[in-house]
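In what follows, a single structure is set out as structure tokens and then discussed.
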Amino acid sequence: MTIIDRIFQKVAELSIPHFFITVEFPAIGNEMPERIETFLWEKYRAILRGASGRKFVYTEGEWRLIFTFFPTNKVVDERYALKNKVQMKFHK
């Protein structure tokens, strides 16, 4: 299992109420990041306190991870929606 697989597994195993969390990997390191779980719980508590953002950047060593919290109990805010932005042009 690669380090990236282990990160996906760690995030998937977290049980943070009312949110599904995605992760992007802009920069990859060689050692497993150790504080991911603590970071995610801190950001969850920030959301509960009223933080409006849902994207959080985590850095540790060479790693740079972007976590996005998607609510499971309501419609996703437009700015975080995963949409197909393809525009079609019709020629006559």
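The values are calculated or read from the model by the stated rules, or taken from the named source; none is laboratory data. All values derive from a computational prediction rather than experimental measurement. Positions of Cβ are backbone-derived with ideal geometry, glycine not excepted, and every protein chain shown enters the neighbour counts. Remember, those area values only see protein heavy atoms, side chains included, never the ligands or the DNA or RNA. Shrake-Rupley method; radii C 1.70, N 1.55, O 1.52, S 1.80 Å.
Looking across THR59, THR72, one residue alone is over 20 Å from MET1 (Cβ atoms), in contact (Cβ under 8 Å) with a residue 40 or more places away in the chain and open to solvent by 30 Å² or more (accessible area, probe 1.4 Å). It is THR72. Summed over segment 13-48, the residues that are open to solvent by 70 Å² or more (accessible area, probe 1.4 Å) and within 11 Å of the chain's Cα centre (by Cα) give a count of 2.
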